[in-house]
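First the structure, in the form of structure tokens, and then the observations on it.
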Amino acid sequence: MSPAPPLHHDLAGPADAPPLILGPSLGTSSAVWEPQLASLARTFRVLRFDLPGHGGSPTAALPDPAPGRTTVRDLAALVLGLADRQGWDRFHYAGISLGGALGTHLAAFHPERVASLALVCSSAHFGPAAPWRQRADLVRREGTAPLLATSPERWFADTATADTAFGRRLLGTLAQADPAGYAACCDALAALDLRPDLGRITAPTLVVGGSEDTATPPEHARELAGSIPRAALEVVDCGHLAVERPEALDAVLTAHFR
């Protein structure tokens with residue numbers, strides 16, 4: 001049996017700079033980090049990746065995409081695999097939503113690997129399992145098309161963002177996502193509850209909440225910041241994908257990682 005393919009990823013910034021891994025949210029791709037890439041790549045060797053079934057990453061990267069089998073631990077292991085391929089023993093990490101949850105898991109269970117952490121519009125527990133299981137079932141039956149009408153109100157503070165070039169690009173990734181990979185990521189969110197493990201995190205941590213985020217409202221950010229030792233909390237005027245105020249997100253991330 002041939003080994004599973006790695007997650008699709010790209011690299012930017014000086015080859016000898018400190019490594020920084022950027023994780024995307026469910027339904028998007030590495031493109032969600034495009035507004036911050038130029039700034040972060042001046043200081044870091046930046047690796048952006050796509051989740052299984054999203055962008056350029058095959059669903060076959062997962063150990064088992066069958067219903068109910070994928071966990072955040074599985075997804076985090078794929079990120080560690082990318083770091084290992086680069087020869088990175090330690091790296092900085094920032095992630096949006098599900099991408100943030102992968103960083104939380106890594107920092108809690110592989111503390112020797114994570115030099116510092118930024119969690120953007122993320123959560124330790126994305127709500128009850130049933131809605132995520134239902135979404136996974138829907139996508140396995142009908143693909144991601146049924147999600148396109150409601151995603152702008154979940155993703156953006158201003159739904160008009162969906163009509164911009166960047167908004168259309170992000171929604172295009174959702175439209176093209178492989179149903180099996182997207183549903184497997186929903187399964188991972190359904191099973192996720194990192195709240196008991198937040199106290200294990202020792203990496204310097206920044207939590208960024210979106211003031212108009214309806215998918216993971218600011219109380220999720222406050223719970224993360226209140227439970228992770230010595231974590232800092234910043235609130236940015238944005239929705240769930242934190243794309244409305246790219247300069248504000250860029251400023252808090254740059255200050256934290258420096």
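No value in this document is a laboratory result; all are computed from the given coordinates. Remember, it's a predicted structure, so these values are computed and weren't measured experimentally. Note: ideal-geometry Cβ built from the backbone for every residue, glycine included; neighbour counts use all protein chains shown.
Each principal axis of the Cα cloud of the chain was taken in turn, and the coordinate range along them, longest first, works out to 47, 45, 36 Å. Report note on the peptides 116-128, 190-202, 157-169, 231-243: ranked by the mean count of other C-beta atoms within 10 Å, highest first, their order is 116-128, 231-243, 190-202, 157-169. Available extension along the chain between A4 and A66 is 20.8 nm, counting 0.36 nm per residue and deducting the alpha carbon span. Given their separation in residues at 0.36 nm each and the Cα-Cα distance between them, F109 and R222 gain 38.5 nm when the chain is fully extended. Return the FRET efficiency for the residue pair D197, A130: r is the Cβ-Cβ distance, R0 is 22 Å, and the value is rounded to the nearest 0.05. In this case the efficiency is close to 0.45. Here each label is just a point 7 Å from Cα along the line to Cβ, and for R85 and A15 those points are 1.7 nm apart. For region 123-162, the residues whose amide N sits under 15 Å from a probe point set 7 Å from the Cα of R168 along the beta carbon direction are 160-162. Placing unit charges on the Cβ atoms only, positive for Lys and Arg and negative for Asp and Glu, gives region 26-129 a dipole magnitude near 180 debye about its Cα centre. Normalised radius of gyration (Cα atoms, divided by 2.2 N^0.38 Å) for region 1-145: 1.04.
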